[in-house]
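Here's the structure, in structure tokens; my notes come after.
Please treat every number below as a calculation from the coordinates, not as lab data. These numbers were taken from a predicted model, which means no experiment stands behind them. Note that each Cβ is placed from the backbone with ideal geometry, even for glycine, and that neighbours are counted across all protein chains shown.
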Amino acid sequence: MTRSFTLRLSLALLTAFLSVPEALAQQSDDDAALKLAEPDFTLIALPTALRLPKFGSAFRVTHRFRRALGSGDFGDLAADLFGIDSGAQIGLEYRFGIIPNGQIGIHRTSDRTTEFFAQYGVLRQGGWSPLEVIALGSIEGPDNFKDAKSPALGAIVSRRVGDVAAFYLEPIWVNNSNPLPKEVVDHNDTFMVGVGLRLRIRPTVYLVGEVSPRVSGYKQGVTHGAFAIEKRAGGHQFQLNFSNSFGTTLGQITRGPDGNNWYMGFNISRKFF
Amino acid sequence: MRIVASILTLLSCLSFVGCDQKLSTLAGPTPSLEPTFSSVQSQIFETTDTAGRQACINCHTNVGRNPSAGLNLTHAVAYDQIVNVPSSRKPGAIRVIPGDPENSYLVHKLEGRAGIVGARMPSGGPPYLTDGQILILKRWIALGAPRN
């Protein structure tokens, strides 16, 4: 994904984010109630500001097929059923609401990366506040959390627009983002600003997009980007997505993909509340 | 609130804990190799490592022989023989250019790049230096090749 495209998309989303009329803001503070503009805890890889009710939980499967959509000609791609015949990086995630406005969770991907995360709702959209603000922290480590750890701290700033859309800005700092030891690198952490949008185009159908430009620090590869279409069905969310990386943890997102290949994948999530 | 504050505090603390990848995993057969001259001298120039890669001073020494290519890498003189010193074999090439590992001829010889004069070093390889060992050596050069 080129830097100019990322910049233009980020500016467009930021403009939309700030220009939404206050009157359209949702004001429900019942965390168990369905928020039509924000039905899930993640966009594609980035987290959302959705709160989990106390003792509620949610499960998610992420799946990123490893065949690049641009590899070979269309016949090859079709013969491989657009990558479905290839291997995949799979992630399993479970989150739990431990207190009102607070949730913790674990996300493990099939490259043996394990991420623990926590989110806490600091500010709720509605009333005097035009924005939802969530504090988030995580720590992840490869090789089943036995190898070098990458902690992250950040915030999710979101704005829901009625039942139609939700915008996200996510400034996040990831330490030890560089896979090499700090003794041999110039930058060993990264500050990124995730930008995302979920748009409800039909009563239960959504378009989703996200990019994660790295503002400073380690910037290997290109900027993570993804888009998706998804269907809500009861407590389930089914998402078909296209992304330029396999990353689903904050560290993986920050490291960025090596090339500008695109891959097909899907997310399936289920709420238990 | 207190629980989550505790979790976030814990995560904050973890971010300052030494959880980086260990340099020794990169250094491979010379696990104590660091991006300093003294370490490069002792671990690369003067030591045959556990993988069988030969020490440079097996040939680049003035002890009992003339140093190969006129390059003496023994302890007392090695730094002054390589940093900002032209190659004796390749005109225009500088053995170590402080801050510029990619254009340092020592790196070209160790990586066996096209355009080098003579064989890839160390002579008699493989084994040669591993990618990790070369990366640490290049880091020392990138940091200005200090006499540390």
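Quick notes on this one:
- Counting, for every residue in A:137-150, the Cβ atoms of other protein chains within 10 Å of its Cβ and taking the mean gives 3.
- Size check on the protein assembly as shown: the Cα extents along the three principal axes, sorted descending, read 86, 56, 36 Å.
- Between 0 and 90 degrees, the angle of helix B:2-15 with respect to the longest Cα principal axis of chain B falls at about 10 degrees.
- For chain B, the longest principal axis of the alpha carbon atoms and the long axis of helix B:131-142 meet at an angle near 90°.
- Both numbers refer to the Cα atoms of the range B:33-142; Rg and Dmax are 12.6, 35 Å.
- Take the Cβ atoms of A:Phe242 and B:Ala51, set R0 to 30 Å, and the FRET efficiency comes out at 0.10.
- Bridgeable lysines around B:Lys109 (alpha carbons under 30 Å apart, same-chain partners fewer than 8 residues away excluded): A:Lys182, A:Lys219, B:Lys22, B:Lys90, B:Lys138.
- Centre-to-centre separation between the Cα atoms of the range B:98-148 and those of the range A:148-208: 39 Å.
- For residues of B:21-34, the mean tally of beta carbons on other chains within 10 Å: 3
- Take A:185-191, A:243-249, A:67-73 and order them by the average number of nearby Cβ atoms within 10 Å per residue, most first; the result is A:243-249, A:185-191, A:67-73.
- Label-to-label distance, nm, for residues given as A:Phe59 and A:Arg270 (7 Å Cα→Cβ offset): 0.4 nm
- Projected onto their three principal axes, the Cα atoms of the range A:192-273 cover extents of 41, 26, 18 Å, largest first.
- Among A:Ala226, A:His187, A:Asn260 the positive-end extreme of the charge dipole of the range A:3-272 (Cβ point charges): A:Ala226
- Net charge of the neighbourhood of B:His60, taken over other residues with C-beta under 15 Å away and scored Lys/Arg +1, Asp/Glu -1, is +4.
- Between the range A:92-112 and the range B:59-90, the alpha-carbon center distance in angstrom: 58 Å
- Under 21 Å of direct C-alpha separation, and excluding same-chain neighbours fewer than eight residues apart, A:Lys35 reaches these lysines: A:Lys54, A:Lys231, A:Lys271.
- Estimated distance in nm for a label pair at A:Ile229 and A:Asp73, the labels positioned 7 Å out from Cα along Cα-to-Cβ: 2.7 nm
- Counting beta carbons within 10 Å around each of B:Leu73, B:Leu129, A:Leu77 and listing the fewest first gives the order A:Leu77, B:Leu73, B:Leu129.
- Hypothetical label at B:Ile134: residues of the range B:25-49 whose amide nitrogen lies under 20 Å (7 Å Cα-Cβ projection): B:25-37, B:40-49
- Cα-projected label distance for A:Asp30 with B:His75, points at 7 Å along beta-carbon direction, nm: 7.9 nm
- Per-pair calculated FRET efficiency, R0 = 35 Å: A:Phe96 and B:Cys19 via Cβ, rounded to 0.05: 0.90
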